[in-house]
There are 6 protein chains.
Amino acid sequence: MERIALFPGSFDPFTKGHEDIVLRGLKLFDKIIISLGHNSNKSRYFPLEKMVANIEEAFAGVDKVSVITYSELTAELAKKHHANYLLRGLRNTTDFEYENSISQVNRHLNDQLETVFLITSPEYASVSSSIIREVHKYGGDVSDFIPYKL
Amino acid sequence: MERIALFPGSFDPFTKGHEDIVLRGLKLFDKIIISLGHNSNKSRYFPLEKMVANIEEAFAGVDKVSVITYSELTAELAKKHHANYLLRGLRNTTDFEYENSISQVNRHLNDQLETVFLITSPEYASVSSSIIREVHKYGGDVSDFIPYKL
Amino acid sequence: MERIALFPGSFDPFTKGHEDIVLRGLKLFDKIIISLGHNSNKSRYFPLEKMVANIEEAFAGVDKVSVITYSELTAELAKKHHANYLLRGLRNTTDFEYENSISQVNRHLNDQLETVFLITSPEYASVSSSIIREVHKYGGDVSDFIPYKL
Amino acid sequence: MERIALFPGSFDPFTKGHEDIVLRGLKLFDKIIISLGHNSNKSRYFPLEKMVANIEEAFAGVDKVSVITYSELTAELAKKHHANYLLRGLRNTTDFEYENSISQVNRHLNDQLETVFLITSPEYASVSSSIIREVHKYGGDVSDFIPYKL
Amino acid sequence: MERIALFPGSFDPFTKGHEDIVLRGLKLFDKIIISLGHNSNKSRYFPLEKMVANIEEAFAGVDKVSVITYSELTAELAKKHHANYLLRGLRNTTDFEYENSISQVNRHLNDQLETVFLITSPEYASVSSSIIREVHKYGGDVSDFIPYKL
Amino acid sequence: MERIALFPGSFDPFTKGHEDIVLRGLKLFDKIIISLGHNSNKSRYFPLEKMVANIEEAFAGVDKVSVITYSELTAELAKKHHANYLLRGLRNTTDFEYENSISQVNRHLNDQLETVFLITSPEYASVSSSIIREVHKYGGDVSDFIPYKL
């Protein structure tokens, strides 16, 4: 049976830390679907369609990776795509406690769904989407933190 | 002297984790007042009056538990109700650090006020109000996470 | 029904942080039994019988507090003393995670046993028994950290 | 290519929390080798050979799981068994920080070695080997915490 | 070479905890520039210019301390003021993880910039700007938490 | 006045993470005294005198750094060397909580003594002395983790 994993997030923006998790996840999964959640009530800093294109550029030539957008429960999205795994990165203990809660609830909503964690490589662990937005807003150079050209 | 405790929170919504703390707190206190803080500037997802009714339904027949709403300092509310205790649940270390700060400030504002903590039972520790709101917003079934019918 | 709490620990030594928890716990419980666990395999720095006397001195005149030693499961000790509560202090997140585990196991072993937590007052939160032993071993003055004369 | 994972630990004793991780890991890996590290300098509470037999009993009939002992670097053991994955469970933030360090060092020593984490199910997260040893030593019943008969 | 440090923050409001860090930092630095970041998109609770005046009042007569406002990257501000240090206080582990990320990114943006941390004194560690705003909003007395008159 | 800092530890062994903190600390202090605590009751893995020589080799030519051994209270050692600062590295939240306690007690024992923290650079944050001992004991190559030849 094919091992299909969702890699869900808002990716506002997608970072080199996210890329690190996807690339390492490719050793575990036959297919990884990068899934950008969007929510009509929350506005993004980096536009959704542009970010999809950016991520597709970053994984150009990597057949096992695809990029989609969604606005439903992650547990439901997984069923639709026959994905039995969620892939998630952990950077620090704050991430851990949040992911712990989310993963228990996802397993409750879809008992076939296992969340698999990799720890973000140290050189990327300080790079969060929110810090990148902050740096970008004030005109700083963020190209070292993202795996594509803005 | 009667041991009266406030159980303060925004309860948007009240969860089975909250119920767990109240039920276990009944062994410690003669009276527990579930106190829904509301704030004219922050909008709720689950309407305040509806939530009061939901919680009352959950504790129907439990005389020692009552439900009120308030929009003042918790430390002041406690004085008004002759409550010398705040009852709080701890789910994880993030909760701990927040509650630590709040409890010191409450004791400073009202030196008769002791905050008493129980650790949320493991089966409920992953259930947060914010995750329930998220699941509910996307049409997921949240009935396993709350002790009343929505 | 009388509310009896055990306050278990190795208390090597008993600190002002421990005293803080007991004194504040007196508002919650009718009786607090300070229970020094001892273990024939682990050697203490401060002798057991001397420490019992020190703690008794610290609570001289406080009828609701007594001091005992034990070498059995805490959950069993509680049954023997008709104690339905364990009183514990939390200083920081490391304490929290340890106490979380212990309290779940104690509740499993004795389902009448509820662990009640107070957060140690900030001025005592840095005072651990192990730091006091270290300071004392090198001849430092520890009298500010303990509620009795050594 | 076969996906082979080591599940390393001292397992003194192997707990239901460990079993939970192995059973869930079977969906990810073709083969899981439970690897009991032993160290001539540290004495165990539960004898090594007895524990191997206990774990084998717990996984009797599960062909994809085997049990070995070792006394070398985990990163070396992995090479010997053509294992490209370490499987590890995370119970709380203390585990996270320890595992974070170990996994970085293991990847440094063997750059083919990826550590994959699952979060322990909440009902087992409070069960640690050290607490079980403590309960057992004082004659408490630990049968609910282990997946075999002692 | 003069040791110049920025002490950046939104200081909404500046607390006794902040004052504690600045006063202790004076032993390390020849000059400390308290730098109030402002952001046209985020509204403050305590007006910016009023807060600048309040902080100046708190450090009246302390020549080594000055107060400025800024709306640029902290790493850029540091260059402009020939500051090679950022001074930051740590209250708890949540602070630590946030500051860890920010400091790595700042060092990336300005490799001359070192972030130096002091741990907030325990008596002030529970005092956060957000709790003070909450207490003030409901009419509570916050004068014990701030080093100036509002 | 000269700014003299102690950098205390057991350094069993001194790691590249320790070196990182000392090198970055040189921008803050006029003199850093690397101080190896030894304790007749605890045995070391790497012999004390050999480690002193190793560290001296690592800082050969760096006049502002010296290396000593001591077996007294750190707070007392500081007085003897006219050091008003302790320099410490923080790697993660577990470090933070330990260092928080130690620094409060040190300030209590010597009110002139300020503990100054730098956060360990991410590439070294996973390298602990205990992991290096473990790797070395089993014959692994630790040369990438230490700034001298063993």
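F:Lys64 falls short on exactly one of the conditions (1) in contact with a strand residue (DSSP E or B) (Cβ under 8 Å, 6 or more places away or on another chain); (2) of a type in the set (D, E, K, R); (3) within 14 Å of chain D (Cβ to nearest Cβ), and that condition is (3). Residues of segment D:117-141 that are touching a residue at least 24 places away in the same chain (Cβ under 8 Å), out of contact with any Gly (no Cβ under 8 Å at 6 or more places or on another chain) and not small (Gly, Ala, Ser): D:Ile132, D:Arg133, D:His136, D:Lys137. On the stretch given as segment E:107-150, residues that are more than 14 Å from chain B (Cβ to nearest Cβ), of a type outside the set (S, T, N, Q) and more than 16 Å from the chain's Cα centre (by Cα) total 7. Tell me whether segment A:86-106 contains one or more residues that are away from chain E (no Cβ under 14 Å), β-branched (Val, Ile, Thr) and closer than 18 Å to A:Phe11 by Cβ. Yes, segment A:86-106 has at least one match.
Residues in segment B:2-48 that are part of a loop (DSSP other than H, G, I, E, B), within 14 Å of chain C (Cβ to nearest Cβ) and touching a Leu at 6+ places or on another chain (Cβ under 8 Å): 3 in all. Against the criterion of being in contact with a His (Cβ under 9 Å, 6 or more places away or on another chain) and surrounded by fewer than 21 Cβ atoms within 10 Å (Cβ to Cβ), C:Phe46 qualifies. In segment C:53-70 there is no residue matching the filter, namely being under 16 Å from D:Tyr138 (Cβ atoms), outside any strand (DSSP E or B) and acidic (Asp, Glu). Within segment E:75-85, being more than 10 Å from chain F (Cβ to nearest Cβ) and touching a residue at least 40 places away in the same chain (Cβ under 8 Å) holds for E:Leu77, E:Ala78, E:His81, E:His82, E:Ala83.
The sole residue among F:Phe59, F:Phe11 that is on the phi > 0 side of the Ramachandran plot, at pLDDT 95 or above and either touching a Ser or Thr at 6+ places or on another chain (Cβ under 7 Å) or surrounded by 20 or more Cβ atoms within 10 Å (Cβ to Cβ) (or both) is F:Phe11.
The set of residues in segment A:118-150 being among the hydrophobic types (A, V, I, L, M, F, W, C) and more than 21 Å from E:Ser71 (Cα to Cα) consists of A:Leu118, A:Ile119, A:Ala125, A:Val127, A:Phe145, A:Ile146, A:Leu150.
The number of residues in segment E:126-150 that are over 24 Å from E:Leu90 (Cα atoms) and not acidic (Asp, Glu) comes to 6. I'm told F:Gly25 meets every condition in (1) of a type in the set (Gly, Ala, Ser); (2) modelled with pLDDT of 95 or more; (3) farther than 24 Å from F:Ser126 by Cα except one. Can you identify the failing condition by its number? In the conditions (1) of a type in the set (Gly, Ala, Ser); (2) modelled with pLDDT of 95 or more; (3) farther than 24 Å from F:Ser126 by Cα, F:Gly25 misses (3) alone. State whether one or more residues within segment B:69-81 are closer than 30 Å to A:Asn41 by Cα and touching a Pro at 6+ places or on another chain (Cβ under 9 Å). Yes, the conditions are met somewhere in segment B:69-81. For D:Arg91, the requirement of being in contact with a Gly (Cβ under 8 Å, 6 or more places away or on another chain) and not aliphatic (A, V, I, L, M) is met.
The values are calculated or read from the model by the stated rules, or taken from the named source; none is laboratory data. Here the structure is a predicted model, which is why all the values come from computation and not from measurement. Glycine gets a Cβ as well: all are built from the backbone with ideal geometry, and neighbour counts include every protein chain shown.
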